[in-house]
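The values are calculated or read from the model by the stated rules, or taken from the named source; none is laboratory data. Keep in mind that what you see is a predicted model, and the values were worked out from it rather than measured. When we count neighbours, we look across all protein chains shown, and the Cβ atoms used for this are built from the backbone with ideal geometry, even at glycine.
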Amino acid sequence: MVKVMIVENSSKPWVSMKMLLSSINYDIVYQTSNGYEAIEKFKVTNPDILLLDLVLSKGDGKSVLQEIKKNYPQSKIIIITLQSDKNLIDECYNLGAEACFTIPYKMKDFVNFITKLSDSSKATSEIAPIIFD
């Protein structure tokens with residue numbers, strides 16, 4: 001089973017995401033809105049995929065992305081955010097994000113991407129970057 005960590009400031013958008021991921025046999029190993037906590041729990045939970053918002057209650061998603069990629073360069077991180085600033089999205093790719101989904105996005109595109117990412121034995125750089133909006 002694929003292990004997923006969710007780091008999101010608001011719990012409402014993630015209720016349907018959690019249901020969707022469960023329906024395709026993905027296990028939510030941890031969920032938080034705190035960026036500092038996410039970094040600490042990443043070490044313990046060792047998720048296959050991290051779903052990360054850029055706006056968090058403590059810390060920020062970009063810093064979380066940078067810290068986790070520094071310590072775990074093979075980690076697979078997908079940004080899901082309301083922010084559509086192209087420079088910010090480009091910066092996330094430069095820091096190592098596999099994809100950036102701008103809300104709203106097509107759930108089918110998300111499922112196709114996350115399935116390909118979790119099933120892939122290729123290096124993540126061969127899959128990324130992809131922007132969905």
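Here are the numbers for this structure:
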| quantity | calculated |
| --- | --- |
| Single residue of VAL44, VAL2 found to be modelled with pLDDT of 90 or more and touching a Phe, Trp or Tyr at 6+ places or on another chain (Cβ under 6 Å) | VAL2 |
| Filter result for the condition that a residue is within 15 Å of ILE114 (Cα to Cα) and at pLDDT 95 or above, over LYS76, LYS69 | LYS76 |
| Residue match in the range 66-89 (condition: assigned to a loop (DSSP other than H, G, I, E, B) and on the phi > 0 side of the Ramachandran plot) | no |
| Residues that are closer than 18 Å to MET5 by Cα and not hydroxyl-bearing (Ser, Thr, Tyr), drawn from the range 69-91 | LYS69, LYS70, ASN71, PRO73, GLN74, LYS76, ILE77, ILE78, ILE79, ILE80 |
| Residue within the range 82-97 that is buried (at least 19 other Cβ atoms within 10 Å of the Cβ) and touching a Cys at 6+ places or on another chain (Cβ under 6 Å) present | yes |
| ASN87, sole failed condition from (1) over 13 Å from the mean Cα position of the chain (by Cα); (2) closer than 26 Å to SER16 by Cα | (2) |
| Any hit, the range 26-47, residues being farther than 19 Å from GLY96 by Cα, surrounded by fewer than 14 Cβ atoms within 10 Å (Cβ to Cβ) and of a type in the set (Gly, Ala, Ser) | no |
| Whichever residue in the range 61-75 is within 13 Å of the chain's Cα centre (by Cα) and of a type in the set (D, E, K, R) and, among such residues, is surrounded by the fewest Cβ atoms within 10 Å (Cβ to Cβ) | LYS69 |
| Every pair of residues 6+ apart whose Cβ atoms lie under 6 Å, when the first sits in the range 23-40 and is of a type in the set (Ser, Thr, Tyr) while the second is in a helix (DSSP H, G or I) | TYR30/LYS41; TYR30/THR45; THR32/ALA38 |
